[in-house]
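This report concerns only the one structure given below.
The numbers here are math on the coordinates, done by the rules we state, and not lab data. Please read all numbers here as calculations on a predicted model, not as lab measurements. Reconstructed Cβ throughout: ideal geometry from the backbone, glycine too, with neighbour counts over all protein chains shown.
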Amino acid sequence: MAKTLFAFHVFLSLAFFSLLHPVSCDFGPITGDDAKFCQGDLHVIYPSLGDVSCVYVPYCFEYAQCLRKVLGSPWIRYPCAKPEELYTLIMVDPDAPSRSNPIHRFWRHWLVTDIPGDVLLRGKGVTRTVASPYYPPSPPPHSGYHRYQFLLYIQNPAISPSLNHSERALGPWDVYAFAHRSRLKDPVATTQFMTRNPRM
């Protein structure tokens with residue numbers, strides 16, 4: 001009888017806690033000013049999670065943990081790609097180590113160049129000239145939500161973009177200086193997803 005009563009109290013406590021602290025497991029859309037970054041119909045697709053373009057990746061069901069530990073690089077789909085063009089894809093975290101103190105801004109997570117347009121039309125993996133290997137999202141504990149931004153550029157036909165020797169190590173990176181040096185014009189499409197470490 002005592003065990004049953006104890007179990008009932010635990011159940012009531014958990015139910016009351018969940019009412020006060022509801023957890024959504026939906027991939028909620030990014031809203032407000034952050035949503036303005038998502039332009040040009042660029043899709044970032046993790047096969048086990050789906051399209052994470054312009055959404056919050058929830059931290060229930062170990063979604064965020066999968067991003068950090070299990071999944072490889074996402075598929076990239078750009079339905080407006082021109083088959084005759086080559087593209088450069090950049091993935092960065094502008095919120096390293098935190099959005100309130102981004103002293104390592106534009107931490108590079110991925111850089112792929114010389115991507116044929118037809119690869120982007122198919123929406124599968126992009127493994128052309130990998131100038132910087134994929135580094136999964138790994139926001140530090142207690143640093144809040146991080147934006148993981150993807151920028152897609154049409155390459156200048158005369159240049160295959162590459163990193164300088166000083167840029168090869170991961171760390172703070174001037175993505176705009178790289179684009180200028182590589183004669184990349186404004187991105188043709190951009191998107192992002194947001195996630196955080198489960199340890200808030």
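Determine the distance separating the Cα centre of region 135-164 from the Cα centre of region 82-122; give it in Å without decimals. Cα centroid of region 135-164 versus Cα centroid of region 82-122: 3 Å apart.
Give the residues of region 68-103 whose amide nitrogen is closer than 16 Å to a point set 7 Å from the Cα of ARG128 in the direction of its Cβ. Once the point is set 7 Å along Cα→Cβ of ARG128, 75-91 turn out to lie under 16 Å by backbone N, inside region 68-103. Highest average first, the peptides 155-168, 86-99 ordered by how many other beta carbon atoms sit within 10 Å of their residues are 86-99, 155-168. Summary of packing: across the peptides 146-154, 43-51, the per-residue average of other C-beta atoms within 10 Å ranks them, highest first, as 146-154, 43-51. For region 24-101, the alpha-carbon coordinates run over 41, 29, 23 Å along the three principal axes, in decreasing order. Taking each residue as 0.36 nm, the span from CYS60 to ARG183 lengthens on full extension beyond its C-alpha to C-alpha distance by 40.1 nm.
Straightening the chain between SER160 and PHE37 buys 41.7 nm, computed as 0.36 nm per residue apart minus the Cα-Cα spacing.
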